[in-house]
Structure formats: C-alpha cells, structure tokens
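The values are calculated or read from the model by the stated rules, or taken from the named source; none is laboratory data. Only a predicted model underlies this, so the values are computations on that prediction, with no experimental measurement involved. Positions of Cβ are generated from backbone atoms using ideal geometry, with glycine treated the same way; all protein chains shown enter the neighbour counts. Accessible surface is based on the protein model in full, side chains and every heavy atom, while ligands, DNA and RNA are left aside. Shrake-Rupley method; radii C 1.70, N 1.55, O 1.52, S 1.80 Å.
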Amino acid sequence: AAARGCGGVWRRVLRRGPGGPRSVSRLWRAVACSARGGAVPAGHSGLAPWVPVVGLEIHAQISSNSKLFSGSKVQFAAPPNSLVSFFDASLPGTLPVLNKRCVEAAVMTGLALNCTINKKSLFDRKHYFYADLPAGYQITQQRVPIAVNGSLSYSLCIDNKMSQMVTKTVRIKQIQLEQDSGKSLHDDARSQTLVDLNRAGVGLMEVVMEPDMCCGEEAAAAVRELQLILQTLGSSQAIMAEGQLRVDANVSVHHPGEPYGVRTEVKNINSVRFLAKAVDYEIQRQIKELENGGTVLNETRAFDSKLGCTVPMRDKEGKQDYRFMPEPNLPPLILYDAKSLPANVNHQQVVNIDWIHERLPDLPSVRRAKLVELYGILPEHSFTLVNEDGLTDFFEDVVKQTQMKPKKVIGWILSDLLSHLKQHSLTAKESPISAFLLADLLNLLEKGEISSSAAKQVFEELWKGEGKTPLEIVKEKQLELIQDQEELEQICQAVIDEREKEVIMAVLG
Amino acid sequence: DSVTVEVLDHLEHLALVDFRDAEGVERLREAVRFAERLREVNTEGIEPMDSVLEDRCLYLREDDVTEGNCTAELLKNAGEKVEEYFVAPPGNIPLPKLEERDTFLKGS
C-alpha cells in the first residue's frame, strides 16, 4: 500500500515468506485523518491498529548579546570558559539579574504562537547534580511560566508530489524562560569530563507541545514551522546544528479507545530529518515490543543517527526528584499592556505586551499568503519559497527584472534552480547564477529568441559560473530560434526530400 | 514520625547532606516539629507567599555585554584543569548504598 500522509493509525503487516510468516518492517499508514484520536479504518488482515502519540519539548536558545541572568557574552565557539562571569560559575555572593531582551524574546514568541501571556510569572529552582550545572540547580519557570495555551499550525503534503497540502495544528502547552547548562566533553580515554561553562546561563525558551502529533513527519513539519517562526521573529536563530534548537520527543502507542501507553523520551536529535527518523523508529520499536508480548519502559533513549535507531541512555540515578522551590532572589516578573501601564514609569524597566504585538513581523504563514496573492503562485510553491533560505528574495528579484510572468518564473526557480542548489548543497544566496542573469535568460525565452530546451542548455552553461552572459552562450552554441519563414520552409523541405520513404509511410498513415 | 530511615536515605541522595548521627537526626526532627506549628494557622483562601520580596520590582537589565573574560581567575578555583577546561569525573558518582555508608546514623 502506498505511504500516505500520516493519519494516526498504523498497522504492522504480516507477510508469509519462506519458512513461515514473518513480520515485515514496512509499516502501512492509513489515509490522513485528524491527528487526535482519528477515525479507525475498517479492519484489514491480522492485527489491531495502533495509535502513536508524539509530544515535543523544544529548547530554543534566545538570540541576545548577553546571558539570561548575567552580562556574559553569548557566542558559539569561543575559547573555553572565556564567556563566564562569577555568577555563571556559581561563586558565592553572586545574584541573578534578568535580561530584558530575553523577556521580550519570550513575549514575541508567545504572541506569535497565539499564547496567553501571563502578566505575572514566577521563577523557580530545579535541583539536580551535574558537573556542567555549577549551582546544583537551574533557574526555570515551573509553576507559572511566561506564556501558556497557544497553538502552532503547520502543513504537510499528503502525497509525495506536493500537490495536496493539509494544515494541522498542535497545541502549545507553555513557553518558559530558563537557563542553559554548560557543556560537558567526555574524555573516555582518561575517564574524565571536561567542562566548559561558556553556555552556562544562556537564555532558553522551552516550548512544550502537547502530544497532538502521530508520526515523524508531523513532528518534523511542526518543528520546521517553529524554526521559521523563531527566525522570522529573530527571537532565536534556531540552528539545530549549533545546538540553538534542541528537540526531545515523547513517544507512546496505544490501541484506539484504550488509555495512552507508557511513553519514552528520545533525546540527542540533531536535525529535523533525524527527528522524523527517530520518532518513526521509536513508534515501530514500541509496536514490535508490545506485539511480541513485551513492555515499554518509561525511560530516556538516545537517537543514534549512524544506526538509525534509539538506544537506552544509562540511567544510574533512577527517577529524578528535582525538589522545585521558588527562586528566592527574584520577585515575580510583571508584564504590562496599554491598559495596565502605570502613569509615571521608567520605560526602560517596562515590557509592554501591546507594544511588542504591534511590532511583530509578518509570520511565515502571512508571508506565504502574500506571495500567493501577489504573484498568483500555488500555495505549495509559497511553502518551498519561504522554507528555503533566501529563495523568496531570489524569486522576487528575478520577477522584478523579467517580463516573464511570475507563474512561469516559479517553475524555473523551484525545479531548475532549486534542484541544482540542492545537488551542490548551496543556498540561494550562494547560487552561481545570479537573479540578474536568470532574469536575462528568461527574457530571451519570453521574447521567443530561444526555445525552452535551449534555455535549459543555457542554464547549465550559466551554472558553471564562467562569467558569460546568456546571450553570449546562445550565440556561442548557436541556439537562436530561427524566425525567418523562408529559411524554415527550406529546412523542412530539405528534411522531407531526404526522407522520402518515411514521408510516404507517414502520409499513408 | 515522618523522619524515617528511608526518608533520610532519600534526602542524603538528593541533597548530599550527611545527618551523621542520632543527634543530627533528632535535630532534624526538632526542626520539622517547629515548622509544623505553621499548620495551626488557618490559611484558607489566602494566596501563599513565596518571599517577602513579592511586591518588589524585578529589575530588568539592558542586553549589554559587561562581564566575562576572566578565565584565569575562575580556573584558580579548579582542583584540576586541562587547557582551560574544568575537570570532573566521567559522570555523577552515586552515593554508596545505605549499607555501605559508614557515617549514616553513626552511633545511633
């Protein structure tokens, strides 16, 4: 059965092979239906269906100059322990001082995700021992976080051709501000851990997504959309490869109508692609385990990207007791809006929710809608444009400089240009063919001076980046379309004369 | 009596405190008894107070880089270091099991 967009019900298909029935690792996913407790299709051969449940906990590093509670610089890759203040190292006598920019970043993100912003939120201590957490506790917001009850809409294509998209929604439980920990480098050879506190105290926004997703594809699409939103807001650069966006997946399976199954937590996922793989593998593993009469343990597992599987993380400590307590050194965080703003107030000391709301940039969904409206392109096209870094700008630049209609230009951008970029792992900004050159080429095509197959040949030549203009290449390779009627007739006559036999056969039909 | 051996063991693991001997445990019991008296006050319908600072203004700092760059000073505190990294054991060293700990409830 063809793999379709995820709907929430999976079955394992038993296949009879030599030596008896053998379960196949290929899973058959049912036709798309609502992610939350969706309809169960009529029974097929064999086993009862499973409903996978996927929730996500996402940590996004806040894009700011300094840390959440100290004035140390925030920077990726700096000499070890050079971006560490006395507070970050947890030396006695130091106190946390909240960074206004981090608060604004969290409010922006909460608003973009349709959350209720808590005008009063609180800070707490979460205690556990680890070498990269010098204080022995992390300052977080466990009781009353800064934002709650939001939603994130994302799209999936139902089939592989990207021609049918569905919109899904995942509920956002909350967003909280918290400190990042330092980095531990494990030196197994010398049986020691090297600790770098540069990252200790950097501001994080933890975004908790409710378990409204049912497969790797949905989880990946939701995270991708969140990444785009964060990058658009500027609240986080959200580059997973640099650890600015970390995703933990909570996965469980159950039969429809029955209570939720035991869930596992999957960590160590370093890209959106691996997220989809990790989630799907874990769903498959749990189903296999349960169908073989085993149980799913409530444990933390790590994703091994080389092997494409999840493995248990060593858990010598047993169940953690974080002994949450209010952070005694920080009063409640009070946020204001236009109505509650006191009269005589120092504006530097105020975070005004309405002021931030008015200045929110166009979110990806709005940008897509505008592209569709302005240029008459398909929604699926707008997705790719917004999804690929710099591609929208490139497209708009070309449209500005060519007479070719945007609806035709988009084809060149999404098939020819994008496929070449992907092949060579380049972004639109790094394209060897500039928007100017491409527009130039498309003008030749539009004016009828070359055929579209000739245009593709010119494109390939341009890609080499040898500095030639489209016109130069056309002349060099003699790709000009012949416009002269008489010349065309002569050519046709010559062909007919040469192939008399074939012509007679064709005429006789 | 809520201060049982299991509770003490649990607390020692969580907080790495050492109750040392029977006298220490009795002191803990005294402290718990003293604090329990708070329950005699009727607090129905009253919001709990976390801190006497709750009405104070939470100061918001501008996002400027004002600290850091004191690697040498910080590393002065390190027992062991490798090229400006702090050195720690490979993982958390768990407290020995109850039976193996020689200071637990010594002399009780």
Exercise. Percent of Cα-Cα pairs per 10 Å bin, from 0 to the last occupied bin, for the protein assembly as shown, please list those.
Key: 3, 12, 18, 21, 19, 13, 7, 3, 2, 1, 0, 0
Quiz item: Which residue, chosen from A:His424, A:Gln176, A:Ser340, occupies the Cα position most advanced towards the positive end of the dipole of the protein assembly as shown, where the dipole is computed from +1 (Lys, Arg) and -1 (Asp, Glu) charges on Cβ about the Cα centre?
Solution: A:Gln176
Self-check item: Estimated FRET transfer efficiency (A:Ser90, A:Gln403; beta-carbon r; R0 60 Å; 0.05)
Solution: 0.40
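Provide the net charge surrounding A:Arg246, with neighbours chosen by a C-beta distance below 11 Å and charges set as Lys +1, Arg +1, Asp -1, Glu -1.
Cβ neighbours under 11 Å give a net charge of -4.
What's the magnitude of the charge dipole for chain B around its Cα centre, counting Lys and Arg as +1 and Asp and Glu as -1 at the beta-carbon? Answer in Debye, nearest 20.
Working: 13 positive and 27 negative charges, 80 e Å.
Dipole size: approximately 380 debye.
Relative contact order for the range A:77-218: what percent, with Cα pairs under 8 Å and sequence separation of 6 or more? Before the final figure, lay out each step's value.
Working: 273 pairs, mean separation 33.4, N = 142.
Over the range A:77-218, the number comes to 23 percent.
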Quiz prompt | Cα→Cβ-extended label distance, 7 Å offset, between B:Tyr59 and A:Asp354, nm | solution = 3.0 nm
Practice problem: Just report the Cα centroid separation between the range B:1-66 and the range A:459-495, whole Å. | Solution: 84 Å
Quiz item: What spacing in nm lies between the two simple spin-label points modelled at B:Arg29 and A:Thr295, each 7 Å away from Cα in the Cβ direction?
Solution: 3.7 nm
Practice problem: Evaluate the relative contact order of the range A:51-326 (contact order divided by residue number), counting alpha-carbon pairs under 8 angstrom at least 6 apart; express in whole percent. | Solution: 23 percent
Quiz prompt | For chain B, alpha-carbon Rg and Dmax in angstrom | solution = 22.0, 58
Quiz item: Between A:Cys115 and residues 5 or more places away or on another chain, which pairs have amide H atoms under 5 Å apart, with H built 1.01 Å from N, and which residues are they?
Solution: A:Ser151
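Express in nm, to one decimal, how much length is gained between A:Val262 and A:Thr169 on full extension, taking 0.36 nm for each residue of separation and deducting their alpha carbon distance.
On the way: separation 93, 0.36 × 93 = 33.48 nm, distance 2.38 nm.
Taking A:Val262 through A:Thr169 to full extension adds about 31.1 nm, to one decimal.
What pairs from A:Lys100/A:Lys183; A:Lys429/A:Lys477; A:Lys408/A:Lys447; A:Lys126/A:Lys267 go past 22 Å between their alpha carbons? Intermediate results must be reported in sequence, preceding the final value.
Details: A:Lys100/A:Lys183 25 Å; A:Lys429/A:Lys477 28 Å; A:Lys408/A:Lys447 14 Å; A:Lys126/A:Lys267 20 Å.
From A:Lys100/A:Lys183; A:Lys429/A:Lys477; A:Lys408/A:Lys447; A:Lys126/A:Lys267, over 22 Å: A:Lys100/A:Lys183; A:Lys429/A:Lys477.
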Practice problem: Could you grab the relative contact order for chain A? Cα pairs under 8 Å, six or more apart, rounded to a whole percent. | Solution: 13 percent
Practice problem: Please provide three numbers in whole Å: the alpha-carbon extents of the range A:231-356 along the principal axes, with the largest listed first. | Solution: 69, 35, 33
Self-check item: Accessible surface of the range A:51-326, 1.4 Å probe, proportion on carbon and sulfur as whole %
Solution: 49 percent
Quiz prompt | Histogram of C-alpha separations across the range A:89-185, 10 Å bin width, % | solution = 14, 32, 26, 18, 9, 2, 0
Quiz item: Just how far, in whole angstrom, is the range A:194-266 from the range A:419-456 if you go by their alpha carbon centroids?
Solution: 37 Å
Self-check item: Cα convex hull volume per residue for the range A:51-326 (Å³)
Solution: 160 Å³
Exercise. Calculate, axis by axis, the spread of Cα positions in the range A:364-477 along the three principal axes, and write the results as whole Å, longest axis first.
Key: 45, 30, 19
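Based on the Cβ-Cβ distance from A:Asp362 to A:Ile482, what FRET efficiency comes out when R0 is 41 Å, to the nearest 0.05?
Working: r = 47 Å, r/R0 = 1.16.
Step by step, r from the Cβ atoms, then E = 0.30.
Accessible area per residue for the protein assembly as shown in Å², computed with a 1.4 Å probe and the full protein assembly in place, what is it? Let's see the in-between values first.
Working: 33890 Å² over 617 residues.
On a per-residue basis, the protein assembly as shown sits at 55 Å².
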Quiz item: Dividing the alpha-carbon Rg of the range B:1-42 by 2.2 N^0.38 Å yields what?
Solution: 1.28
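Counting other Cβ atoms within 10 Å, keep those with at most 10, restrict to DSSP loop, and tell me which GluC sites (Glu not before Pro) in the range B:1-74 are left.
Details: sites: B:Glu6, B:Glu12, B:Glu23, B:Glu26, B:Glu30, B:Glu36, B:Glu40, B:Glu44, B:Glu54, B:Glu62, B:Glu67, B:Glu73; in loops: B:Glu44, B:Glu54, B:Glu62.
Here the GluC sites (Glu not before Pro) that fit, given the DSSP loop and packing criteria, are B:Glu44.
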Quiz item: Between A:Ala241 and A:Asn387, what length comes free when the chain is fully extended (0.36 nm per residue of separation minus the Cα-Cα distance, one decimal in nm)?
Solution: 50.9 nm
Quiz prompt | Cα-based helix-to-principal-axis angle, A:100-112 vs chain A, degrees rounded to 10 | solution = 60 degrees
